[in-house]
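Worksheet: one structure, shown below.
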Amino acid sequence: MTQHPGLKQYLANWTGDSESRLAISQTIEAVAEACIEISALVARGPLAGELGAEKGDNLDGDTQKALDLIANDLLIEALHGAPVSCLVSEELDDPSPINMGAPLFVATDPLDGSSNIDTNVSVGTIFSILPSGIDEDGTNIDDLCRLLQPGTDQLAAGYVIYGPQTALVMTIGDGTMIFTLDPLTGEFRLTTPKVDVPTDTNEFAINSSNSRQWDGHIRAYVDDCLSGEDGPHGTNYNMRWIASLVAECHRILSRGGIFLYPADIRKGYSAGRLRLLYECDPIAFLIEQAGGAATTGVQRVMEIDPLSIHERVPMIFGSKHEVELVEQYYAEINPYHERPQLFKNRTLLRD
């Protein structure tokens, strides 16, 4: 075996004579092919047109950029050559039929972090591969409920990050690995056979501008982090925030840390903001396979039974011991002494 085997070679060796593994391998290869095209577009930036131009809103009211829609179309086109029955996408209100009756379905965020396109911050494509849930006789082929599976049912998951290097980070249920796109050959090649997330960390990522909106559990945790070595954690923490889920995850896979996107009291955020099927579950699968953990604060993310294809949930993931620490804050009855109502979310000097 070469020092850096190509993705196709790696998957061929893993597949062997298994028909079920062959279907997964073919689907991963199709996603990778689409992502190579997306990578080329991202790399060209404004030379490829106004990729960051707003083109409308999706079902949940999030702004869609031009490259969001292009990436979605490229994935659909590539998956027509794979054993995939349909695609669930952030950019589509309903599942998109592809090869009806095929054994797998794919859930994806075609371009996570697209709000950062114009600022040249890393963005990425997230994907999850699951069984299609079709009965042997195919009578339930149009039943949307067959797609509502917990993350523990995932057969493979990953993301492609478009940054200084384009990298495919994936798991097929036996650890997390990284393939780097070789610009000389146009092929993903294995560069990190096994990712291990450090169990301990002194780095956390959260959008602190929303601190007044958080519940007492998150506020207490972050306040204690900010107290540094004089606080209950006895550690000086660093804080990070990129506002790109794949970039945040990639940093944690590289050196540890914790990412928090909790529910809060803002309209539309009460149940969390990240989508379960095509953001939280695949990221949780990758993180757990690398030795980390992913939780809502009170429940393991991959054990949630989804109620809809675009369901949102709180998401906290990263170094295992730090995630467990946050869960301890959620287990406390009153972890934060709220200020008197007179001072809650305002001061005497400003309404």
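Brief remarks follow.
- Within region 239-252, not a single residue is within 22 Å of the chain's Cα centre (by Cα), under 30 Å from residue 33 (Cβ atoms), surrounded by 15 or more Cβ atoms within 10 Å (Cβ to Cβ) and not assigned by TED's automatic domain parsing to the domain that holds residue 286.
- Whichever residue in region 298-327 is charged (D, E, K, R) and assigned to a strand (DSSP E or B) and, among such residues, is surrounded by the fewest Cβ atoms within 10 Å (Cβ to Cβ): 300
- One residue stands out in region 279-297 among those that are part of a loop (DSSP other than H, G, I, E, B) and in contact (Cβ under 8 Å) with a residue 40 or more places away in the chain: the one that is surrounded by the fewest Cβ atoms within 10 Å (Cβ to Cβ), namely 291.
- Test: residue in region 146-166 that is part of a helix (DSSP H, G or I), in the same structural domain as residue 113 (by TED's automatic domain parsing) and either among the aromatic types (Phe, Trp, Tyr) or more than 21 Å from the chain's Cα centre (by Cα) (or both): yes
- With respect to (1) under 20 Å from residue 40 (Cβ atoms); (2) small (Gly, Ala, Ser); (3) touching a Phe, Trp or Tyr at 6+ places or on another chain (Cβ under 7 Å), the lone exception for residue 163 is condition (3).
- Restricting region 123-158 to residues that are at pLDDT 95 or above and among the hydroxyl-bearing types (Ser, Thr, Tyr), the residue that is nearest to residue 34 (Cα to Cα) is 125.
- Helices (runs of 4 or more DSSP H) completely within region 1-119 that count 3 or more residues being under 19 Å from residue 188 (Cβ atoms) and modelled with pLDDT under 95: 19-44
The values are calculated or read from the model by the stated rules, or taken from the named source; none is laboratory data. Small disclaimer: the values here were computed from a predicted structure and weren't measured. As a convention, Cβ positions derive from the backbone with ideal geometry for all residues, glycine included, and neighbour counts pool all protein chains shown.
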